[in-house]
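Colleague: The structure under discussion is supplied below as structure tokens; questions concerning it will follow.
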Amino acid sequence: MNHDTQAVLHKSTYTNQKSRIKKIALSGMLVALTVSLSGFSIPIGASRCFPIQHLVNVLAGIFLDPVYGVLTAFCTSLIRNLMGTGSLLAFPGSMIGAFLSAFLFQKTGKLLFSYLGEITGTGILGALLSYPVAVFFMGKDVAVFFFVVPFLLSTVCGTLMAASLFEVLRRLGLVSYFHRLMNE
């Protein structure tokens, strides 16, 4: 391998490592924000709806990638459960919503698909996967579709909050700044 090839590979490795550090830092800040605002919840039916999680899932979907989005949702759910401010239902909903939001945004580059990914992932798929969690781990006797309406209400609320916040950030010129910062 010649010197130029080694220099390019070293720069590429350095850039990838720098990018990972930025993603970890942003993920940590989003987890801290979500956990610190975990007192803001809306009880709907048997679940406690948490629109801030959905807002953060969308932001993570736009500024991070599917892996970091899921890890952010997982860490938030874990910390909230350890603190007693969340429930086991947060795991399937938040993680699937975060994944779909990031995946669809990454594939299309369109905000609408990020929003729809969060709503579909959390509101429908996450709600359906919460059924076995509720039955087997929480001892709740509920119907399969029991969580769909409350999860949809929560995720639509949080996604609308994310869309509003994103529009404010865009108008202030911060969206392009954040994207440049994350991709330097």
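Colleague: Report the residue count in region 138-149 for those that are in contact (Cβ under 8 Å) with a residue 40 or more places away in the chain and within 17 Å of MET95 (Cα to Cα).
Modeller: Final tally of qualifying residues: 1.
Colleague: Can you tell me which residues in region 20-32 are crowded, with 16+ Cβ neighbours inside 10 Å and of a type in the set (A, V, I, L, M, F, W, C)?
Modeller: Of everything in region 20-32, those that are crowded, with 16+ Cβ neighbours inside 10 Å and of a type in the set (A, V, I, L, M, F, W, C) turn out to be LEU26, LEU30, VAL31.
Colleague: Could you say whether any residue in region 159-168 is in contact (Cβ under 8 Å) with a residue 60 or more places away in the chain and over 24 Å from ALA32 (Cβ atoms)?
Modeller: no
Colleague: Over 19 Å from LEU165 (Cβ atoms) and in contact (Cβ under 8 Å) with a residue 60 or more places away in the chain: does that describe VAL135?
Modeller: So VAL135 does not fit the description; no.
Colleague: Would you check if there is a residue in region 112-127 being among the β-branched types (Val, Ile, Thr), at pLDDT 90 or above and open to solvent by less than 10 Å² (accessible area, probe 1.4 Å)?
Modeller: Yes, the conditions are met somewhere in region 112-127.
Colleague: If ARG180 meets every condition in (1) open to solvent by 60 Å² or more (accessible area, probe 1.4 Å); (2) touching a residue at least 60 places away in the same chain (Cβ under 8 Å); (3) assigned to a helix (DSSP H, G or I) apart from one, which number is that one?
Modeller: (2)
Colleague: Further question: Go through region 42-110 and tell me which helices (runs of 4 or more DSSP H), entirely inside it, have 2 or more residues that are open to solvent by 50 Å² or more (accessible area, probe 1.4 Å).
Modeller: 66-83, 90-108
Colleague: Yes or no: region 43-52 includes at least one residue that is modelled with pLDDT of 90 or more and of a type outside the set (D, E, K, R).
Modeller: Yes, region 43-52 has at least one match.
Colleague: Determine which single condition SER38 fails, assuming it passes every other condition in (1) free of Cβ contacts under 8 Å to residues at least 40 places away in the same chain; (2) of a type in the set (Ser, Thr, Tyr); (3) not in a helix (DSSP H, G or I).
Modeller: In the conditions (1) free of Cβ contacts under 8 Å to residues at least 40 places away in the same chain; (2) of a type in the set (Ser, Thr, Tyr); (3) not in a helix (DSSP H, G or I), SER38 misses (1) alone.
Colleague: Restricting attention to region 131-177, report how many residues are assigned to a helix (DSSP H, G or I), of a type outside the set (Val, Ile, Thr) and loosely packed, with under 15 Cβ neighbours inside 10 Å.
Modeller: Residues meeting the conditions: 11.
The values are calculated or read from the model by the stated rules, or taken from the named source; none is laboratory data. Keep in mind that what you see is a predicted model, and the values were worked out from it rather than measured. For neighbour counting, all protein chains shown are included, and Cβ atoms are generated from backbone atoms with ideal geometry for every residue, glycine included. Just so you know, the surface numbers come from the protein's heavy atoms only, side chains and all, with ligands and any DNA or RNA stripped out. Shrake-Rupley method; radii C 1.70, N 1.55, O 1.52, S 1.80 Å.
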